[in-house]
Each structure stands twice: as C-alpha cells, then as structure tokens.
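The values are calculated or read from the model by the stated rules, or taken from the named source; none is laboratory data. Given the structure is predicted, the values throughout are model-derived calculations rather than measurements. Please note: Cβ atoms are built from the backbone with ideal geometry, for glycine as well, and neighbour counts cover all protein chains shown. Note: areas computed on protein heavy atoms with side chains; ligands, DNA, RNA excluded. Shrake-Rupley method; radii C 1.70, N 1.55, O 1.52, S 1.80 Å.
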Amino acid sequence: MPLTPRGTLARKRERAGWAFVAPNVGAVAVFLLFPLGFSLYLSFHSWDLFRPMRFVGVANYHRLFGADPLFLIALRNSAVFTVLTLVPTVLFGLAIAAALNRKLAGIGMFRTMAFLPLVASTVAMAVVWRFIFTEDGALNIGLGWVGLRPVPWLTDPDLALVSLSVVTVWKGVPFATVILLAALQGVPEPLYEAAKIDGAGALRRFSAITLPLIRGPLSFVFVITVINSVQAFDQVYALTGSNGGPETGTYLLGIMLFQNAFGFYEVGYASALAWVIFAMLLVLTLVQLRFARRGAVDL
C-alpha cells in the first residue's frame, strides 16, 4: 500500500529523530551499558590486569560476604556515615530553604551565597577542610581562644568519621537547599492563607501543608544524599588518605573498592564489590520511591 504524503512526512521525521538521538544512544551504550556489563562479567573472574582472566564463579561474592572482615567494617562505617550525613543535610537544607523562601530585599544575594559550596571542587574543598581540622588549624585555634584544648579531629578514629561527615554535609546542603527551595516555591500561597484563617499555627501549617506537598522533592533529596554517601570517595581520599585511616575510622565502601581495584589489582573482586554496592543502592532507592509514591499528595 503506497504511503500518503502525510505518512511519508511522518517517516522522515521519525528517521530524523533517530538520527538526532543516535549519538547519545551510542554514547550511553559505549560509556554506560558496556562498562556495566563488563564489570558484571569481571565479578565472576579473577584478574590482576596483567595475567589472563580466570573464571571463579561466585567465589568473589563468597569471599566478600564470608571471608573478608574489612567488608563488614566498610559496611558499618558507610552506614554510620550515611546517617551522620543524611539527617543534617536534609534538616539544614530544609531550614535554609524555608529561610530563603521569603520576599525580602537582597534575598537573591543570600541564595547565591548558599549555593556557592555546590560549585566548589570536592577535592579542593576537602583539602581546605583538612587544614582547618589539623592540630594547629583554624578550628583548634578558635577552641584555644575560649580555653578549650585541641581536638584530634583527623587522628582519632571516631572523630575522623564525624569530621568527614561535617565536610560532606557542608558540600551537600546547597544541593538540598536548591531542590527544596524550588519545591517550597511551588506550594500555593492560598493554602497557607486558608490555614491561617482556620487558626493553624506555623508548626501545624508546616506539618499539614508543606511536608505533604514537598514529599516528592524531599524523597529525591533523600535518595541522592544516600547514594552520594555510600559512594563517597574523593572527599575521604583528600581528607584522610587512601587507607581509610586513622586505623579503619574512615574505611568506607568507596575506599575499599579503590584499594582492591588500584592498590591490590584484584579487579574481579572489586567488580563484585561494585555490584553489591549497586544492589544495596537499588534496593534503598526502590524502597524510598515506593514510600514517597504512597504518601504523594496531588493538588
């Protein structure tokens, strides 16, 4: 059956559309899908980059869950680090977004200042914080002025993880603020006015109106913060080194992955660890998205 002029035009547009997206589809296939598939293939092999690969089945996963005590240490530290990072990031981001969601003179300047840490290089930012946290750094100098003794921020295993969390929160709050500020600006003002008329206080308006209407963006901030925390590497490397020290105080999953891949050249084992991290993040993301979708409110 011959094509009509309209059908011919539609086919031409379809081919033109595929031609436009083909470079992006090719880039995704080469730089995303192929590495994912190859890393999954590597996770079932033993390979040190120099000798031929050797198929080992699920031995890498068995070793990871049953024979490597460092995995449990990295998993515990990553869980603690995620909690220490997630809660302040969301709370501070929401508080700053609420403070910036006002029509005041010069509010644009304050919004720009709140956004600045996000555009800074993570490594450069961590190096600056490392100088602040040193024994004779600015923070301990300030403590000395008020009569307090210096604190071993980066040399005590417990405090090192807290210090790392502070740096990560400082870096992550601007992103949370931008997302939540946009969400707050989308809440209809008449809802607040009607609630005021009904006698609802500020806390009641926040819990009954604001939180339900920004639940989607808030869930997005949760997911992104958890992903960034579990995958944290560059700020850890710049702040406490590649060994996750002191002792194992900042030995996170990202550091363990780096050590096995580029320190011990156990590429297959590192690939298995990468897929375990991916599986954990996938489960956490699906649970969070399901929770957010269940409590979503439509205007």
Mean Kyte-Doolittle hydropathy of 0.5 or higher plus an axial Cα length of 27 Å or more: which whole DSSP H helices in the chain meet both? 69-100, 157-185, 267-294
Using the charge dipole of the range 156-246 (Lys, Arg: +1 at Cβ; Asp, Glu: -1 at Cβ; taken about the Cα centre), state which of 197, 167, 229 has its Cα farthest towards the positive end. 197
Would you kindly calculate the translational diffusion coefficient of the range 186-254, applying Stokes-Einstein with the Kirkwood radius from alpha carbon pairs, for 10 °C and a viscosity of 1.306 mPa s, and quote it in µm² s⁻¹ without decimals? 104 µm²/s
Could you pull the Rg and Dmax for the range 218-273, using just the Cα atoms, both in Å? 12.6, 40
Using just the C-alpha positions of the range 122-168 as equal point scatterers, what log10 of I(q)/I(0) does the Debye formula give at each q in 0.22, 0.24, 0.25, 0.31 1/Å? -0.74, -0.85, -0.90, -1.15
Contour excess over end-to-end distance, with Cα ends at residue 65 and residue 264 and 0.36 nm allotted per residue: 69.8 nm
Along the charge dipole of the chain, pointing to its positive end and built from +1/-1 on Cβ of Lys, Arg, Asp and Glu, which listed residue (282, 251, 153) has its Cα farthest out? 282
First check a/c for the range 13-149, with a ≥ b ≥ c the square roots of the eigenvalues of its C-alpha gyration tensor; if it is under 1.5, answer rounded, and if not, answer prolate when a/b is larger than b/c or oblate otherwise. oblate
Under 5 Å between amide hydrogens, which residues at least 5 positions from residue 45 or on another chain qualify, with H placed 1.01 Å from N in the peptide plane? 56
Which order do peptides 75-87, 30-42 fall in by mean Cβ count within 10 Å, highest first? 75-87, 30-42
Which label belongs to the value computed from this structure, given these candidates for volume of the Cα convex hull per residue in Å³: (i) 116; (ii) 156; (iii) 251? (iii)
Net charge of neighbours whose Cβ lies under 12 Å from the Cβ of residue 46, counting Lys and Arg as +1 and Asp and Glu as -1: +1
Could you work out the percent of alpha carbon pairs in the range 157-272 separated by over 16 Å, rounded to a whole number? 69 percent
Using a 1.4 Å probe over the heavy atoms of the protein chains, calculate the carbon and sulfur portion of the accessible area of the range 214-299 as a whole percent. 65 percent
For the chain, what's the relative contact order in percent, using C-alpha pairs closer than 8 Å and at least 6 residues apart? 28 percent
Over the range 82-180, what relative contact order in percent results from Cα pairs under 8 Å that are six or more residues apart? 47 percent
So, counting K/R as plus one and D/E as minus one, what does the shell of residues with Cβ under 13 Å around residue 180 add up to? +2
If packing is taken as the mean number of other Cβ atoms within 10 Å per residue, what is the order of 20-26, 224-230, 113-119, highest first? 224-230, 113-119, 20-26
To make sure I understand the rule: partners must be lysines, Cα under 30 Å from the Cα of residue 196, and not fewer than 8 residues away in the same chain. Which ones qualify? 103
Electrostatic dipole magnitude of the chain [Cβ: Lys, Arg +1; Asp, Glu -1; Cα centre; debye, to 20]: 1300 debye
Counting each DSSP H run of 4 or more residues in the chain as -39500 (n - 2.57), what helix-only mean residue ellipticity at 222 nm follows after dividing by all residues, to the nearest 500 deg cm²/dmol? -22500 deg cm²/dmol
Just the accessible area per residue of the range 138-235, please: how many Å² with a 1.4 Å probe? 52 Å²
